[in-house]
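First comes the structure, then the notes that go with it.
The values are calculated or read from the model by the stated rules, or taken from the named source; none is laboratory data. Computed from a predicted model, the values in this text were never measured in an experiment. Methodologically, a virtual Cβ is constructed for each residue, glycine included, from the backbone with ideal geometry; neighbour enumeration extends over all protein chains shown. Side chains included, ligands, DNA and RNA excluded: accessible areas come from the protein's heavy atoms. Shrake-Rupley method; radii C 1.70, N 1.55, O 1.52, S 1.80 Å.
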Amino acid sequence: MKKKLFKIFIFCFLTVGFISKNAAQELNNSELKQVDNLAKQMFDDMNNRDFDALLQMTHPKVFDILPKEDMKNFLKSMFEGTEEFSIELPKMGPSYKLSELYSEEENTLKYAFISYDMDFKMTFNKQEFDDDAKEMMVPMMKAQGMEVEFISNNAMNVLMKDSLTIILKDNSTNNEWVMVNYNPDSPLFYQIVPSKLLEKAKDYKQNLMLERKKNNEN
């Protein structure tokens, strides 16, 4: 069950992100404004459960792995619930930090990073956890970047800190902006994202974690 749960999280958060606007941030670059508009639109589509619109924003290489209709059914089951579990996302999204716009001229790759904290509630419909199971689940989830708090024997609040979404466009996306979540533990992530971007994303993520650690120590 635990392995299945982690696989679901990995694939779900590989293909979609949950973000909202930081009103204090000024975006002067026209392409960064496009990125910001895409982020806001995606947040609206997520709140409205507009799965067709979400798939339109998904990196097209995902559909080489999983057909679009199967992906749509997967998303619907994730956010509308299944017999096994359901996920409850808050309507209000977190503030995000938008990076500068990066580019790799040799392959027309352009990209930016959005970092944010995200929380949600997960309820297991056919399974309950005793105290020993809860004690085991907490560090396992933390290893996946998720802090959890059990609120009952079958439900928990989940917080994902410093989540990272990549917004990119290149030849493989027909020069259209798309989104993919940073997930270095998933082989699918490496199939989709160019190698230079993988290196940049790794450094950016590590810097986020280091900055948070410094802030916590002060």
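Kindly state, to the nearest 0.05, the FRET efficiency for S195 paired with I151, given R0 = 30 Å and r defined as their beta-carbon distance.
Efficiency computed from Cβ-Cβ geometry: 0.10.
Which entries of K40/K91; K61/K91; K110/K202 have Cα-Cα distances beyond 20 Å here?
K61/K91
I'd like the carbon and sulfur percentage of the solvent accessible area for region 59-180, probe radius 1.4 Å, heavy atoms only, ligands and nucleic acids excluded.
On region 59-180, the fraction of accessible area on carbon and sulfur atoms equals 45 percent.
Say R0 is 35 Å: what FRET efficiency, to the nearest 0.05, do F120 and F63 get from their beta-carbon distance?
With a Förster radius of 35 Å, E is 0.85.
Given a 1.4 Å probe, how much area per residue of region 37-185 is accessible, in Å²?
50 Å²
Quote to one decimal, in nm, the extra length available between Q127 and D52 on full extension: 0.36 nm per residue of separation minus the C-alpha distance between them.
Result: 23.9 nm gained on full extension.
Please compare each pair in K72/K126; K97/K134; K169/K205; K97/K126 to a cut-off of 27 Å on the Cα-Cα distance and tell me which ones are over it.
From K72/K126; K97/K134; K169/K205; K97/K126, over 27 Å: K97/K134; K97/K126.
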